[in-house]
1. Assuming Tyr271 fulfils every condition listed in (1) at pLDDT below 95; (2) at positive phi apart from one, which condition is it?
2. Regarding region 294-313, can at least one residue be identified that is more than 30 Å from Val113 (Cα to Cα), of a type outside the set (Phe, Trp, Tyr) and either crowded, with 22+ Cβ neighbours inside 10 Å or modelled with pLDDT of 95 or more (or both)?
3. Are any residues in region 141-178 over 14 Å from Gly118 (Cα atoms) and surrounded by 21 or more Cβ atoms within 10 Å (Cβ to Cβ), and if so, which ones?
4. Quick test for you: out of Ser241, Ser259, pick the one residue that is at pLDDT 95 or above, hydroxyl-bearing (Ser, Thr, Tyr) and surrounded by fewer than 21 Cβ atoms within 10 Å (Cβ to Cβ).
5. Within region 147-157, work out how many residues are over 15 Å from the mean Cα position of the chain (by Cα) and farther than 16 Å from Pro78 by Cα.
6. In region 233-253, which residues are without any contact (Cβ under 8 Å) to a residue 24 or more places away in the chain and within 24 Å of Val179 (Cβ to Cβ)?
7. Would you check which residues across region 94-118 are within 19 Å of Ala220 (Cβ to Cβ), assigned to a helix (DSSP H, G or I) and either free of Cβ contacts under 8 Å to residues at least 60 places away in the same chain or hydrophobic (A, V, I, L, M, F, W, C) (or both) and list them?
8. Out of Ile275, Ile228, Ile248, which single residue is in contact with a strand residue (DSSP E or B) (Cβ under 8 Å, 6 or more places away or on another chain) and over 17 Å from Ile157 (Cβ atoms)?
Amino acid sequence: MSRVGIAQSDRTYVAPTSIEDAVEALAVGSRVVAGGTDLVVAARRGGTPLPERLVDISRLEALRAIEAVDGGGLRLGPLVRHQELAGDPTIRQHYSALADASAIVGSPATRWVGTIGGNVMSASPGAATIGPLLCFDAVAALASTAGTRTLPVAELISGPGHTNARDDELLTALELAPVADGSGSCYVRLGIRRQMEGALAGAAVLVRLVDGRIADARVAMVAVAPTIRRVPEAEAELTGSAGDEDAIEAAAAAVQAASQPVADFRASAAYRAEIARVVCKRVIRAAIARASGSQVRIPASLELLGTAPRQGDR
């Protein structure tokens, strides 16, 4: 096995250079680490101790690519960093909501180290990239010593901090569906601070315009339910409409009705539900604007809410 390994006390650490070696390490109970941003924060807060066995996949160059898929679509390696996603021309043009999300993850340091695979597998109700991935019908590829399988990201997330991936499975790719002509997407989250802030409420929206009407709509609500999920009731309000204010108001109200927010020290449940409605309206308008060819600055949170990093922060 080609790998780097050290042992200290009862803990073990391996850094494999092949996917095969990585899944072998997972088969004996190791925990994956890449950027390590979530793992370190959880350990410092005292809520989650460092695992006894760590498998560092940061040396797996095969998992770092952003690749076009035959027939359209995009394949993202789980080690693609947020800063790379935010700056990639194809993602900015065709998968704008993902660029919006990636540009406001954590802090500048987090974005240079943190990976999309880590963000997804954290399964946080406020994870920035999951909402856009749901709108783009993303599918996760999982590998183990038993073979490989695929699972829609919508089915991968099973609860706050939990996924339907087995402990011995490694995320090896995220495949995004092609984006049709006339489409526009947007992601926005509201937080208290500009950096290192979890979302109070957020939304991701994808719309496709045909002859001035919305032929297809995807709406995902973020941080106002146990898991990030699409809202079919909101999508139905938009589909077939001209994207007028009545349709936007109805879709946003559907998101508010579907939300299940919790209260914490930052905001009450009622405030989060109301903010989800407000945020959703602005995200829908921005997605429609982008689909119509108008420019909405990335990250959209800055232009729509004034809560993203300043230009000098990125």
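The values are calculated or read from the model by the stated rules, or taken from the named source; none is laboratory data. The structure displayed is predicted, hence computed values, not measured ones. All Cβ positions, glycine included, derive from the backbone under ideal geometry; neighbour counts span all protein chains shown.
1. Failed condition: (2).
2. Checking region 294-313: at least one residue is more than 30 Å from Val113 (Cα to Cα), of a type outside the set (Phe, Trp, Tyr) and either crowded, with 22+ Cβ neighbours inside 10 Å or modelled with pLDDT of 95 or more (or both).
3. The answer is Leu176, and nothing else.
4. Ser241 is the lone residue from the list that is at pLDDT 95 or above, hydroxyl-bearing (Ser, Thr, Tyr) and surrounded by fewer than 21 Cβ atoms within 10 Å (Cβ to Cβ).
5. 1
6. If the condition is that a residue be without any contact (Cβ under 8 Å) to a residue 24 or more places away in the chain and within 24 Å of Val179 (Cβ to Cβ), then Glu235, Ala236, Glu237, Asp244 are the ones that fit.
7. Listed by number, the residues that qualify are Ala97, Leu98, Ala99, Ala101, Ser102, Ile116.
8. Ile275
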